[in-house]
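Worksheet: the structure to be examined is printed underneath.
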Amino acid sequence: MDFPAFPDAPPLLTQDEKDELAKPSCPIQRYKAILEEKTAAYDNLFHSLYPIEKLVKGLSAVYDEALQSAWIANGLDTEESVSLVAVGGFGRSELHPKSDIDLLILVKDGATPEKDKIEAFITLLWDINLDVGHSVRTISECVEMAAQDITVITNLIESRTLYGPEELLANLKLHTDTAHMWDGHTFYKAKLEEQKRRHAKYQNTAYNLEPNLKECPGGLRDMQVIDWVAKRHLHTHRLSALIDKSFLSEDEYIQLKGAVGHLWRIRWALHMNSGRKEDRLLFDHQRTLTKVFGFDDDDLKRNVERFMQGYYQSVAAIQQLNDLLLQHFEESFLLADAQDAIEVLNERFQTCNGQLEARSPTLFQDNPSAMLEMYVLRGSHENIKGIRANTMRQLRDSLDLVDDTFRNDNKNTALFLDIIASRYRLTSILRSMKHIGLLGRYLPEFGAIIGQMQHDLFHIYTVDAHTLHLVENLRRLWLPEFKQKFPISSQAIRHLPKVELLYIAGLYHDIAKGRGGDHSELGCIDAQAFCERHGLSKRDTELVVWLVRNHLFMSVTAQRKDISDPEVIWEFASYVKDQEHLDYLFILTVADINATNPTMWNSWRASLMRQLYLETKRALRRGLDYPIDADMQSDEHKQRALEVLIERNVDFTDAEEVWSQIEEEYFIRSNGDEIAWNTEAILRHRPSVKPLVAISPLGGRNFSGASKVFIYTPNSRHLFAVTAAIFEQLGLTILDAKISNTTDNYTLDTFVVMDVNENETSLHLDQQRITVIRETLTEQLNNPSMYESLVQRYTPRILKIFNSPATAHFVSQPEEVWSALEVTAPDRPGLLALIGQFFVNNKIMLHKAKVATLGERVEDTFYITEEDGELITDNDRMRSICDLLKEKIDRFSQAMD
């Protein structure tokens, strides 16, 4: 392959160009033209794969020369008491196309420079569209500010003189060195605390969907922290000096430079393609950059995932070395003078000041199994605070010993099972093993998913980060503070015979993501191989494999099927078979949902999962040979409703009179408390002919967030479309809808709704909003056919990026009471109202809707019949409904964008 011939150095300003720009008469347009020409030349070199370090340094040099010429053009070259100083990233001689240019105009104490010239210089820089941050300060002012502000002293560490007397900056640095302020210990602590606060803003994860490649954990700022601390404490001038001081190995330095270089290339491309300073890898930028970085096949989603996997691997490398070096710095700077407290654990390991360390510098080379044993010790000793940097480095240098022979050694498989059974800090151990590279080497299948993103809004973490979040959630269920939020899961996990099987299933549930095909089925193969290699019994292996295969089954059943239908419960219970499988699957599902996207676990999903679990548990206790039938369930619900109504002093004969006019399906699919609430509201509302609107919180105090809205009003074909549109305009999203009719042509509609932004504050806590909702619904439902059901609401930017074709198909049900139509479509404001109007126009009656918003898409199930109540069974009719609905949704999605 022929590579392009690169110049020895990228182009700078010619002498003629510098002279031209240094003239006071040089027009602004000429400055712009020269800088645009040079930047374009650098962009061309970038596309030719010119070394990014030379581009970043070279572009900085171009702007050095342009600023020097501008300084001269404004007559400041004659000032003997003023210097032009570059600080910050520009002070490091690192510049990307649209980066900030931070300048300090440094004035000698007691001097009075010509203010007009300085103002004219800054104005010129603004006029030529430079993003300049500047300050004008005397040496004494800088010293005073640096003593108080960590940001100021950090900027001064990386300062250099562009023009003017060099002694001004030298004098400033003399008065701000470690002998006068911010000694190495203090500076290190301050930068470490600053980094912790910065990481917290990004949820302490490098694996955000739209990461900030500068500020996120593992971003460029983390590398700079290493550089700053080294310069301040070790007085180094370049990162490579850490090799000589034994803080970095040569391999680690190469790895760090490679990761930083990769992020620099991404940042350069971001600036170049967006035309502005941009450090966020937004979805639309990700799609553009895949082509820049050579991912150009037809599968856009896969291209983005491959591009982002490279990004995540680079930030993981920076984060790993940042952790390692800061630990090394702490041991060298903060604990260097402390008396070491040594506790010998065995012939291989000891603790030093609470930190685990190897007793031999060649331990892992001599005894590779000790790499796993170290983590077994960490998981079995509560008082071990961490692992010393020298031991972590020795482990990193020994990872090549983890091969198939190592993986199949019975001693090592036993040690890994001991890690899984750790009493303490299992999640921290697994994360440490992942960061250092041991987990991916020991489990190559796990190594393949490190940095594997999914290009959607539903999965907000990479697969490996999600997996370890899931394990963390499982561990949290043991903690008292999580018992209130997850009462059933917290109780169930304590009754599992072997909780470690749940952790193994959690590790493997998404192990096959990114391979294509059904990841649940593919993951079973890896899970079975793991279990067999680690000597698990046939029964335990079958359970783990079953959990991996079915880890989505319970959530799909709860969110997409009618779990008020006894036949659905019996079918689910028949598949689960026993209480043990139910408990394992329920706990895994709850942990999985919470680890996928924290906003997914709201009061509605919690209530669905609770209902499915309890109803299945009840079915299993009754016995699968004795399923509850619809009539029995209806009678039970009525009996419970009567008990509640009698407690509230409601005449049961009045209640039964109301019930006599309502179709039986209502009593089958509404529990006793809901029936009682609806009945009491109707009796109180009569004889008013206005629509009745009642609002109640969903569930108890543990499930605040979603609310139920009950509507009792004369029937109308337009009712669902209109109600959906009104809810949209009120900032509410529908999660579930049940529609029942009466013999006197009234309808009883129950909607489960939540704030469109998934605000977990229940509506019942906001009386003013309840009043607005009730009054708006009451007014508009008086004449629903006249209401404009088209929703006028802005589609968020992030949703516009994802616009895939809609799908629609009919699915079979255990008991064919209604026809079930499943629709998948891009999430757009007004979609439900559109579908409701489609049903009206096509003479379809809607009985129930289950709505699930999964990131950028919705997966809704509608239970429908023909207008006369007959099932939709004709194939041509079903095909026509699906085709027409898909076409309508696709046109609507495109119009909304």
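Any read-out appearing in this document is the output of simple, stated calculations on the displayed coordinates, not a laboratory observation. As the structure is a prediction and not an experimental result, all values here were calculated from the model. Backbone-built Cβ (ideal geometry, glycine too); neighbour counts: all protein chains shown.
A few remarks follow.
- Here the Karplus curve 6.51 cos²θ - 1.76 cosθ + 1.60, taken at θ = phi - 60°, turns the phi angles of region 118-130 into couplings of 5, 4, 5, 5, 5, 4, 4, 4, 5, 5, 8, 6, 7 Hz, with x standing for Gly and Pro.
- Extension gain, Val136 to Gln29, is 35.9 nm, computed as 0.36 nm per intervening residue step minus the present C-alpha separation.
- Pairs beyond 26 Å (Cα-Cα), from Lys32/Lys108; Lys617/Lys638; Lys538/Lys577: Lys32/Lys108
- Listed residue (Leu612, Val556, Trp264) projecting farthest to the positive dipole end of the chain, Cβ model: Trp264
- The C-alpha atoms of the chain define a longest principal axis, and helix 519-533 lies at about 70 degrees to it.
- For region 286-392, with +1 on Lys and Arg beta carbons and -1 on Asp and Glu, the positive-most of Asn367, Leu345, Met308 along the dipole: Met308
- Rounded to whole Å, the principal axis extents of the Cα atoms in region 790-897 read 42, 26, 21, largest first.
- Table column - 3J(HN,Hα) (Hz), region 853-862, Karplus curve with 6.51, -1.76, 1.60, x for Gly and Pro: 9, 10, x, 8, 10, 10, 10, 10, 10, 10
- Here, region 3-151 is characterised by an Rg to Rh ratio of 1.01, where Rg is the alpha-carbon radius of gyration and Rh the Kirkwood radius.
- With the convex hull drawn around the C-alpha atoms of region 185-334, the volume per residue stands at 108 Å³.
- Peptides ranked, highest mean first, by Cβ atoms within 10 Å: ranges 353-361, 305-313: 305-313, 353-361
- Taking 12 Å as the straight-line reach from the Cα of Lys57, the aspartates and glutamates in range (excluding those fewer than 8 positions away in the same chain) are Glu94.
- Here the extension length gained between Arg515 and Thr743 equals 76.6 nm, from 0.36 nm per residue of separation less the Cα-Cα distance.
- Listed residues Ala86, Leu543, His285: farthest to the positive end of the dipole of the chain (Cβ charges): Ala86
- For Lys577 and Thr405, the FRET efficiency from 1/(1 + (r/R0)^6), where r spans their Cβ atoms and R0 equals 30 Å, is about 0.15.
- Amide H to amide H, with H built 1.01 Å from N, Gly133 comes under 5 Å of Ile101, Asp102, Leu103, counting only residues 5 or more places away or on other chains.
- Percent RCO, i.e. relative contact order, over the chain, from Cα pairs under 8 Å lying at least 6 residues apart: 6 percent
- Dipole moment magnitude, nearest 20 debye, region 8-47 about Cα centre, only Lys, Arg, Asp, Glu C-beta charged: 200 debye
- Rounded to the nearest 20 debye, dipole of the chain from Cβ charges on Lys, Arg, Asp, Glu: 1080 debye
- Estimated distance in nm for a label pair at Asp109 and Glu887, the labels positioned 7 Å out from Cα along Cα-to-Cβ: 8.3 nm
- A viscosity of 1.567 mPa s and a temperature of 4 °C, combined with the Kirkwood radius over Cα pairs in Stokes-Einstein, give a translational diffusion coefficient for the chain of 41 µm²/s.
- Rg/Rg_ref, region 443-626, where Rg_ref = 2.2 N^0.38 Å and atoms are Cα: 1.00
- For Lys738, the lysines whose Cα comes closer than 16 Å to its Cα, not counting residues fewer than 8 places off in the same chain, are Lys561, Lys708, Lys848, Lys850.
- When each of the peptides 874-883, 80-89 is scored by how many other beta carbons lie within 10 Å of its residues on average, the order from highest to lowest is 80-89, 874-883.
- Sorted peptide list for 272-283, 722-733, criterion being average Cβ within 10 angstrom, highest first: 722-733, 272-283
- Calculated P(r) tail over 20 Å for region 175-263, as whole % of Cα pairs: 44 percent
- Residues with amide H under 5 Å from that of Tyr746, placed H, sequence gap 5 or more: Asn715
- The simple spin-label model puts a point 7 Å past each Cα toward its Cβ; for Glu636 and Asp244 those points are separated by 7.9 nm.
- Euclidean distance of C-alpha centroids, region 561-577 and region 253-280, integer Å: 52 Å
- When all alpha carbon pairs of region 120-217 are counted in 10 Å bins from zero, the resulting P(r) reads 13, 32, 30, 22, 3 %.
- Near Met145, once Lys and Arg are set to +1 and Asp and Glu to -1 for all other residues with Cβ below 15 Å from its Cβ, the sum equals -3.
- Label sites at Arg622 and Arg197, each approximated as a point 7 angstrom past Cα along Cα to Cβ, lie 5.9 nm apart.
- FRET efficiency estimate (nearest 0.05) - Cβ-Cβ, His235 to Gln148, R0 25 angstrom: 0.65
- Interchain or long-range residues, amide H under 5 Å from Ile387's placed H: Leu356
- Backbone HN-Hα couplings from phi across region 167-181 [Karplus 6.51/-1.76/1.60, Hz, Gly and Pro as x]: 5, 5, 5, 4, 5, 4, 5, 5, 7, 10, 7, 5, 6, 10, 6
- Applying 1/(1 + (r/R0)^6) with R0 = 30 Å to the Cβ-Cβ distance of Ala895 and Asp299 gives a FRET efficiency near 0.65.
- Computed from point charges on the beta carbon alone (+1 for Lys and Arg, -1 for Asp and Glu), the dipole magnitude for region 339-433 about its Cα centre is near 380 Debye.
- The lysines within cross-link reach of Lys800, meaning a Cα-to-Cα straight distance under 17 Å and a gap of 8 or more places when in the same chain, are Lys301.
- One chain, two ends: Glu119 and Phe482. Fully extended at 0.36 nm per residue, the span grows by 124.7 nm beyond their Cα-Cα distance.
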